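All remarks here apply to the structure that follows.
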Amino acid sequence: MGTLVYSSADFAGHVTPPGHPEQVARLASVARAIASVGLTPVEAPLAEMADVLRCHPQSYIDKVAHTVPTRGWAALDGDTHLSPGSLTAALRAVGGMAAAVDAVMAGRATNAFVAGRPPGHHAETATAMGFCLFGTVAIGAKRLLDHHGLSRVAIVDFDVHHGNGTQDLLWDEPRVLFISSHQMPLYPGTGAAQERGAHGQILNLPLRAGSGGAAMRAIYEAQVFPALQAFQPEFILISAGFDAHADDPLAGLNWQHQDYAWLTRRLLDVADAHCGGRVVSTLEGGYDLEALEDSVAAHLGAMKERGQ
């Protein structure tokens, strides 16, 4: 069945101010990575508003829409900016996620990657933050549960920053196991191990700055893979942030692109064992352009290898 990749020219329409790390140039790095593993993207559709409403109230959607400027930039918070094309880009990211989970559920692909921006895992129920507007991966989980009728969906977030938005959106959702590994202390300041969710379905794994890929591998072997195996997910979603890389300017976990290849293969092993290999991954962070390209290529190469 293979691996599908969703992208869109509209992702370049989300333009951030000069010097902002979440920049349009990230797309070129991701595009080179996609091409290097021999995959060709398909168009990410615009989201249906019903999907956004699975996680965000209409009042918040209206606030974002009304803040979009006709030119230049508008700010939703200190580091989350809107340009004239930002809302369309964010809706393409959500639409790409919906299309990806639909394709994998229908058997048109074994797994899929949404190469979209802006990222989503910091967006809380009614708050934009951390470069994020809508909770893309959480919306994907809710679509799997409420549209496709699944009972157990797992989300693994290996971005270097805690997925506070995903946690907020799914705090009361017993059908989703949310696992986040992240550097701590670091923005946004959440993600302590004692934050467990309303049903004990959240697993936060803080990592020390400088701890490197070996520490990541050890904690995933000791805690993440056993938690996934016990949960027996019917589908796995990945918040794929690549800013734990040693060259990334925003953090310091010191991973290498080989760590992303290893981690992706091990998550695919769990998916093969419990949910027929069904995995959808969506781009989150990653701000050194060369490291981003290498890491996405490692991630996608593993997915393509398994999807064949």
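Among helices (runs of 4 or more DSSP H) entirely within segment 149-245, having at least 1 residues that are farther than 18 Å from CYS132 by Cα, out of contact with any strand residue (DSSP E or B) (no Cβ under 7 Å at 6 or more places or on another chain) and in contact (Cβ under 8 Å) with a residue 24 or more places away in the chain singles out 212-219, 225-231.
Selection over segment 1-21 of residues that are assigned to a loop (DSSP other than H, G, I, E, B) and either buried (at least 22 other Cβ atoms within 10 Å of the Cβ) or free of Cβ contacts under 8 Å to residues at least 24 places away in the same chain (or both) gives a count of 4. Number of residues in segment 278-302 that are surrounded by fewer than 21 Cβ atoms within 10 Å (Cβ to Cβ) and either free of Cβ contacts under 8 Å to residues at least 24 places away in the same chain or under 25 Å from THR40 (Cβ atoms) (or both): the value is 2. Number of residues in segment 119-148 that are assigned to a loop (DSSP other than H, G, I, E, B) and buried (at least 24 other Cβ atoms within 10 Å of the Cβ): the value is 11. Every condition in (1) crowded, with 16+ Cβ neighbours inside 10 Å; (2) on the phi > 0 side of the Ramachandran plot is met by VAL52 except one, and the failing one is (2).
Could you check how many residues of segment 24-66 are β-branched (Val, Ile, Thr), part of a loop (DSSP other than H, G, I, E, B) and out of contact with any Ser or Thr (no Cβ under 8 Å at 6 or more places or on another chain)? Residues meeting the conditions: 2. Can ALA100 be described as out of contact with any strand residue (DSSP E or B) (no Cβ under 7 Å at 6 or more places or on another chain), crowded, with 21+ Cβ neighbours inside 10 Å and not in a strand (DSSP E or B)? Considered against the rule, which asks whether it is out of contact with any strand residue (DSSP E or B) (no Cβ under 7 Å at 6 or more places or on another chain), crowded, with 21+ Cβ neighbours inside 10 Å and not in a strand (DSSP E or B), ALA100 comes out as no. Do we find that VAL94 is under 23 Å from ALA126 (Cα atoms) and of a type in the set (Val, Ile, Thr) in this structure? Considered against the rule, which asks whether it is under 23 Å from ALA126 (Cα atoms) and of a type in the set (Val, Ile, Thr), VAL94 comes out as yes. When you look at LEU228, is it more than 15 Å from the chain's Cα centre (by Cα), farther than 25 Å from GLY107 by Cα, at pLDDT 95 or above and not aromatic (Phe, Trp, Tyr), yes or no? For LEU228, the condition - more than 15 Å from the chain's Cα centre (by Cα), farther than 25 Å from GLY107 by Cα, at pLDDT 95 or above and not aromatic (Phe, Trp, Tyr) - is not met. Checked against the criterion of being modelled with pLDDT of 95 or more and under 27 Å from PRO188 (Cα atoms), segment 104-114 contains one or more residues that satisfy it.
The values are calculated or read from the model by the stated rules, or taken from the named source; none is laboratory data. Just so it is clear, the model here is predicted, and its values are computed rather than measured. Quick reminder, even Gly has a Cβ in these numbers, built from the backbone with ideal geometry, and neighbours come from all protein chains shown.
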